[in-house]
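Throughout, read-outs are computed from the coordinates displayed, never taken from laboratory work. These figures come from a predicted structure and were not determined experimentally. As a convention, Cβ positions derive from the backbone with ideal geometry for all residues, glycine included, and neighbour counts pool all protein chains shown.
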Number of protein chains: 4
Amino acid sequence: MIQDQLKTRVVGVDVNVDKTTCAVVDIRGNILGQSDFVTSNYNSLGDFITMLTEHIMQLAEAHGGYENIRSVGISIPSGNFRTGCIENAPNLPWKGVVPLAAMLRDQLGLAVALANNAHVMALGEQAFGAAHGMRNFVVVSLGSGMGSCMFSNGLVHLGSNGFAGEVGHTCIKPGGRQCGCGKQGCLETYVASRGIILTAQEVLEESPEPSLLRQVEQLNPKIIMNFCEKGDVLAIEAFRRTGYLLGIGLANYASVFNPEAFIFAGPISKAGRWLLEPTSESLEEHVFHNLRGKVKLLLSSIDDEIRNVLGASVLAWEVKEYSLFK
Amino acid sequence: MIQDQLKTRVVGVDVNVDKTTCAVVDIRGNILGQSDFVTSNYNSLGDFITMLTEHIMQLAEAHGGYENIRSVGISIPSGNFRTGCIENAPNLPWKGVVPLAAMLRDQLGLAVALANNAHVMALGEQAFGAAHGMRNFVVVSLGSGMGSCMFSNGLVHLGSNGFAGEVGHTCIKPGGRQCGCGKQGCLETYVASRGIILTAQEVLEESPEPSLLRQVEQLNPKIIMNFCEKGDVLAIEAFRRTGYLLGIGLANYASVFNPEAFIFAGPISKAGRWLLEPTSESLEEHVFHNLRGKVKLLLSSIDDEIRNVLGASVLAWEVKEYSLFK
Amino acid sequence: MIQDQLKTRVVGVDVNVDKTTCAVVDIRGNILGQSDFVTSNYNSLGDFITMLTEHIMQLAEAHGGYENIRSVGISIPSGNFRTGCIENAPNLPWKGVVPLAAMLRDQLGLAVALANNAHVMALGEQAFGAAHGMRNFVVVSLGSGMGSCMFSNGLVHLGSNGFAGEVGHTCIKPGGRQCGCGKQGCLETYVASRGIILTAQEVLEESPEPSLLRQVEQLNPKIIMNFCEKGDVLAIEAFRRTGYLLGIGLANYASVFNPEAFIFAGPISKAGRWLLEPTSESLEEHVFHNLRGKVKLLLSSIDDEIRNVLGASVLAWEVKEYSLFK
Amino acid sequence: MIQDQLKTRVVGVDVNVDKTTCAVVDIRGNILGQSDFVTSNYNSLGDFITMLTEHIMQLAEAHGGYENIRSVGISIPSGNFRTGCIENAPNLPWKGVVPLAAMLRDQLGLAVALANNAHVMALGEQAFGAAHGMRNFVVVSLGSGMGSCMFSNGLVHLGSNGFAGEVGHTCIKPGGRQCGCGKQGCLETYVASRGIILTAQEVLEESPEPSLLRQVEQLNPKIIMNFCEKGDVLAIEAFRRTGYLLGIGLANYASVFNPEAFIFAGPISKAGRWLLEPTSESLEEHVFHNLRGKVKLLLSSIDDEIRNVLGASVLAWEVKEYSLFK
C-alpha cells in the first residue's frame, strides 16, 4: 500500500482547572497554532467535550487540515495513561472515573492518549528539553502541589497501579504539618506554595529582625522570591529551610533511584538559586555517599507557556493511528 | 552450524565475608552440586581466584563436565554488574576496584557476570521466587545492613551510575542515629541488626517493666525474636518501633515507585509477623492514599541456603557465551 | 498488606484440532498434573468452554487447590495474544473472531492469556529450553504447516499487527508449488509434511533407482525418515532437496534478522540430521557472508509431550493476577 | 550539583567514500551549520582523524562553542555500533577493524558513537521522519547497494552479531545473477543500481521495440527514470521487472516481520511511482494474506542533503556524556 501523504502533525491539549489549551504541533516540536478556553465554563462533561472538539477541529483546519492530524495527546490532572480515564480528580468539575480519551476519540475520529501532568512533562523534557539523551531521570513539578515522574532504562516508570511519582506525599517529618491528603509531614506541606508561605510565617515569628515580608498582608512564593532578590534575610531564610527539606526528600529519592538528574518545573522552580542552592547543599549532605556530586539539579529548558502542550504532543505519538472511517 | 550439545548448566557463586559457595545449577533452578570454602583464608586476590577456579572446575567435573557449563554468575558485596568489578568493598580483603569477572573469565575460559547481593536476589525472586510474574517490585534484604533492588517495567533498575537501591541510607530521622556511612538518621541505623539491638536497649531503659531481655548480656535480633514468641512485651515493643520506622521508609519508597510488592529476605526478615505487622500498619498509615491496601509485603519464598547461588545462576544466563578456545 | 500465601502455580492449556490438554505447572516448569479431552467433541463454543473449565477446576483441586492457581495460559492455532481472541482459525470448529480469553476468565475467575503456537513455543524455549539465555533467536515449527516466532532484544516480536513469523509463506520459488494460502512457491509447500511427500514423489519419478519408497502406497514424512535410516538413497535425496530449500529460506531469514539460533520443533524436526545437514549446508551457502558459521541450528530440548503446555504455562505468568471476587 | 548550562547540541558526521560531512544539530533536529571535505584525500587514518577533528572544532566554535557540544554521532559504511569500530569496509581506504569512535573521542574529549548508514537512517526517520510514532518498521536504502534496518518493539534490531538488515543479500532467484558478495541471485543484483541497468539491457535485448534507452551509451538509473517520465515503454518495463522482484523480497521480509511500513531512501527511491507501483503490486501478491493492504510503502520525508547527518545527530544522543577533563 503506497501511502502518499504522511500525517505529520498532532494536537497537544493541556487541561487545567482554569484553562484548556490546544495546540497543533509538528514532529520537531514546533507549535504551529494554539487556542484556549476557560475550563470552568463547561461543568457538564458533554459541553466540555463539544467545546474541546470544536477547538481542535478549528485549529486543525487552520493549520494544515484535519487530514494531516495523526492523533491527540492530553495532559490532565489525575489522568491515567493506562485506562485513558480521568480518575477522581479533586479539582476538576467532572467527578468519578471519566473515560475522556475514548469519548473524545469517538467525537474526533482520531486516536487520543491521556496522562497526568508529571508524566507529560517527563515526555516533553526527554523529547525536547533538559532530559534529552538521559535514560534515568526525574522530573519534579513544584507549584500548588508537588508531583514527579521518573524514567528508568529509557522508559517511563508508572508503577504497578500507575500511581508512581508521589514524592510530594513522602513523609519528611513524622508527625509534622497536616497535609490535605490526610497524612502528616508530607514533603508537599513544606515545599509547595502553601508550605513555603507557612515557613516564611514561622521564620517571621521566630526572628525579631526586620523584613520586607512583614509589610505584606497576603504572602505568596513570588513575593518571597522578589524579596530574596532584594537581599531580605528572612525571605532568604524561608527558602533556605524549604531547600533543606526538599534536599532531604530528593536525597532519599536519589539514594533509592540514582537518577542522572532532577529537572524542576512549575512556578516554585522560578525561585532559582534561592531554592536550588540550599536544596543542592542538603541533597549532597543527605544522599548516599557514592552519589555525592553525581546527581544534577536542572531547571526545565522548555518555556512555561508551551511545556504542557508540547509534552502532550509527544504523548500523542505514543498511540497507534486510528480512524473511525476505515 | 548444527550444534549438537547445548550447554544447560551454569555455576552460581556467592561470595560473602565468611564463606564462598559455588553451585552447579540447571535451567530450572535445580542445584546439582555445591561446595564452599572460607573466604578469609585467601586474603591474596590471586590465591582467592585460584581457589575459586579449583572449586568451580571440580564441581563442574563432578556434575556433567566443564563442557556442559555455559557461564558463571557471582553475587558479591559491592559488585558492579556494569563493570564486572568489586568496587571498594568495605568488608572484603581485596581493596580498591578489582576486575574479578575478567580475571576469573581468563582463568576459566567461561563468561563471568558479577553483581551485588540485592541485584542477584531480585533476579532470583523474579525467576524462581515470590516476584515471578511481577514487573514492578522491590526486594529488600535485612541483616547487618539493609539493601534493596527494584524492577521497573520488567527490567532491573540499576540507576544512572549503578548505585540504585540504597534505601538503608535514606534519611528517616533528620539528626537521628549516627550511621557508619557518615550520615545521621539512616533507615539502616534503626532496622538492621545493630539498630534493632539499640532500640531494644532504649525500650528497656525507658520502661520499668520486667523483661527476659534484661537477663541477656549480649542481645541480638534472634534472641529478641525468640522472646517475642514467648510473649515478652518489651521485645515485642522493640520490633514494633522497628516496624514503625521501616513502614515509613517503605511507604516513602512505595509512594514514589508504586511497586506491586516488597519482598523481604535476610536474617531480620525471620522476625516474621513481629516485624511485618507493625511495618504493614505503618506503611498503610504513611503511604499515598491511592496505594493503601495495594502494596504486598512478602517473605522470600526461596530457602536461605540457596538464595544467593540460585540468584547468581540466573545472573550467569545474562551474559553471552564465551570461550577462550575458539 | 501482608500476603501469606503466594500463588505458585499456573495452568497451561494446549488446544489443537484433535486434543485439548491442560496441565498444572509450577514456577520451575514442573508438570504437576495433566488431563485432556477430544477437542472435536465440543463443536459448540459454549460446550467447549464448559468442558475446559471443568478440566481446569478438577486439575486445580487435585494439585494444590484452586486458590493456589495464579492464572491460565492457552496455546491455540490463530490465537492473537494482543486481543485474547482466536481469529479465523481455519481448522477449529469455532468460526470468526472468538474472545476465548475473556470468556474463560469469566468462567474461572482467573486471568487468562492466549497466543498462537509458535509464540508459546518461543516462550517455552526461552524459559526452559534451548533458547535460555538468548536475546535474538527464532523458533521454527515444522509439521503439517510451518510457523515461526522470533525474539528481538530479549522481547517477543509480534509485529505491527501481531502476524509476524509467517516464514512458511515466504516465496522461495516464484511461480512454484501452489499453496493452500492462495500463493505459489511458499516455503511451506516444500518443507512441511505434504511438501516433503511431494518432493519424494518427484524424486521417485525422476530416478530409475530402486527404493523402499516405491513399495509404500501412502507416503508420509515419518516413513521417509525411517527409510533414510535404512540408507535408502532416494529417501535421503528427498530430504536433501527439502533441506536445500529450507536452507535458502532460513538463510534469507538470518541475513535480515541475524538470530543467534534457529530452534526446530514439530514432527518434521524429528528427521534430525537427514534434514539438518542439508539445511545447514544450504544455509551456509546462501546466508550473508559475515554470518557464515555464526547461526546455530538446534533441536528443541523440551519433550514433545509437554512443550505446548509448558510454553502455555510461561504465557500464563505474562498476565497480571485477577480475581472476580475482589 | 546544580548544573547551569546544559549541552544542547551535538555533531552529526556522515562519512562516505567521496565526502565527509559534519553538522552541528540542535535537539529539535535543526542543522545550525555544516561543512565537508573530500574523504579520499586522507588515506592515512591519522590524517583523516586530524582533519575530522579540525572540522568539528571549527564548526563547534562557529555555532555556540565547543562547551555546548554534548557528543558526536557518525554514520559510516561497515560501522559497528556495538564496538565503535569500522569493520572491514570494502570501499574505505582504512582496512581491517578500525576503532574510530575511541580514537576520535580521545582527540575531541567528547563521547562518540558510530553506526552503519541503515541504522543511522532508521534513527533519523524515527526521530524526525516518516517512522515517527512507529514501533515496528523497516528503513530500506537503495542505491549502489541495498541495506535495511528494522525497529522491533520500538527498539533498533541489530541482531545477535550486529549484522542484521542484509536484505540486499537475501536470495531472490536461486542460481540467479552473480553478486559481488560471492553468492548468486541476491536481491541487490536486481534492484540496486547495477542490477537495474542490467535489467534494462535485458529488456532492450528481448524486445524489438524502439526506445530512448537504445541511444544512450552508458545507462544509469537516473537516465532510465527520466525516460520513464517521457513514457518510454521499455524504461518503464525495466522498472516494472525491478519492482516485481523488489516486491517479492519485501513481501518475504514483511511476512516474517510484519512491519507497519517500509520507508525508502537513497538514489533509487527517486524512481518514485515507476518503482513503487510495481513493487506494491508484487508485494501485495506475494505477502502473507493476512497482511494484504496493511504494510505501508513510504518515501523518506527527510531531505537527502541532511538525512545522514541528521540521523547521526540522533545517534549522538544515544551515548552518555563524557569528558576527558573531569
Open item on the list: What does the charge count around residue C:147 come to, taking other residues whose C-beta lies under 10 Å from its C-beta (Lys +1, Arg +1, Asp -1, Glu -1)?
Closed with: -2
Task: Peptides B:103-115, A:250-262, B:217-229, D:226-238 ordered by average Cβ neighbours within 10 Å, highest first - done: A:250-262, B:103-115, D:226-238, B:217-229
Task: Tensor-based shape of the range D:52-150 (alpha-carbon gyration tensor, a/c under 1.5 rounded, otherwise prolate or oblate) - done: oblate
Open item on the list: With the crude spin-label approximation of a point 7 Å out along Cα→Cβ, what separation in nm comes out for residue D:3 versus residue B:285?
Closed with: 4.0
- [ ] Specify the residue with the greatest mean-square fluctuation among B:308, B:136, B:68, computed from a Gaussian network of chain B linking alpha-carbon atoms under 10 Å apart.
- [x] B:68
Task: Within the protein assembly as shown, percent of DSSP bridges classed antiparallel, to nearest 5 - done: 60
Task: Net lengthening on full extension, residue C:173/residue C:61 (0.36 nm per residue, minus Cα-Cα) - done: 35.0 nm
Task: Gyration tensor over alpha-carbon atoms, chain D, equivalent ellipsoid semi-axes in Å - done: 38, 22, 18
Task: Ranked C:171, A:181, criterion: other C-beta atoms within 10 Å, fewest first - done: A:181, C:171
Open item on the list: Could you tell me the relative contact order of the range A:1-150? Use alpha-carbon pairs under 8 Å, at least six residues apart, and round to a whole percent.
Closed with: 19
- [ ] Rounded to the nearest 10 degrees, what's the angle between the helix C:193-206 long axis and the longest principal axis of chain C, both from Cα atoms, 0 to 90?
- [x] 10
- [ ] Could you compute the FRET efficiency for residue C:30 and residue B:40, with r as their C-beta to C-beta distance and R0 at 45 Å, rounded to 0.05?
- [x] 0.70
Task: For the range C:254-309 versus the range B:1-64, the gap between their alpha-carbon centres in whole angstrom - done: 31
Task: Ranked list, fewest to most other Cβ atoms within 10 Å of each Cβ, for A:313, A:75, A:144 - done: A:144, A:75, A:313
Open item on the list: Using only Cα atoms and rounding to the nearest 10 degrees, what angle (0 to 90) does helix D:45-62 make with the longest principal axis of chain D?
Closed with: 70
TODO: Give the Rg/Rh ratio for the range D:103-179, taking Rg as the radius of gyration of the Cα atoms and Rh as the Kirkwood radius, to two decimals.
DONE: 1.07
- [ ] Quick one: grab the alpha carbon gyration tensor of the range B:34-90, order the square roots of its eigenvalues as a ≥ b ≥ c, and give me rounded if a/c is under 1.5, else prolate or oblate depending on whether a/b is larger than b/c.
- [x] oblate
Task: Degrees, to the nearest 10: C:233-257 long Cα axis against longest axis of chain C - done: 60
Open item on the list: Given a Förster distance of 41 Å, report the FRET efficiency between residue A:161 and residue B:106 from their Cβ-Cβ distance, rounded to the nearest 0.05.
Closed with: 0.30
- [ ] Check cross-link reach from residue C:19 to the aspartates and glutamates: straight Cα distance under 20 Å, and skip same-chain residues fewer than eight apart.
- [x] C:36, C:47, C:54, C:87, C:303, C:304, C:305
- [ ] Give B:7/D:95; A:183/B:183; C:230/D:173 a once-over and call out the pairs whose C-alpha atoms are over 30 Å from each other.
- [x] B:7/D:95; C:230/D:173
Open item on the list: With the crude spin-label approximation of a point 7 Å out along Cα→Cβ, what separation in nm comes out for residue C:88 versus residue C:215?
Closed with: 4.7
- [ ] Just need the relative contact order of the range C:48-122 here, percent rounded to a whole number, with Cα pairs under 8 Å and 6+ apart.
- [x] 34
Task: Contact order relative to length of chain C, as percent, for alpha carbon pairs under 8 angstrom and 6 or more apart - done: 21
Open item on the list: Can you give me the C-alpha center-to-center distance between the range B:134-194 and the range D:175-239, rounded to a whole angstrom?
Closed with: 68
TODO: Name the residues whose placed amide hydrogens come within less than 5 Å of the amide hydrogen of residue A:111, ignoring near sequence neighbours (fewer than 5 apart) on the same chain.
DONE: A:72, A:322
TODO: First select every other residue whose beta carbon is under 15 angstrom from the beta carbon of residue A:222; then total the charges, Lys and Arg +1, Asp and Glu -1.
DONE: -1
Task: Selected from B:284, B:206, B:61 as most flexible by GNM, with chain B as the system and alpha-carbon contacts under 10 Å - done: B:206
TODO: Counting other beta carbons within 10 Å of each Cβ, put D:119, D:55 in order, fewest first.
DONE: D:55, D:119
- [ ] Please work out whether the range A:255-322 counts as rounded, prolate or oblate from its C-alpha gyration tensor, where a ≥ b ≥ c are the square roots of the eigenvalues and a/c under 1.5 means rounded, while otherwise a/b larger than b/c means prolate and anything else oblate?
- [x] oblate
Task: Equivalent ellipsoid, the range C:56-214 (semi-axes from 5 times Cα gyration tensor eigenvalues, Å) - done: 36, 18, 18
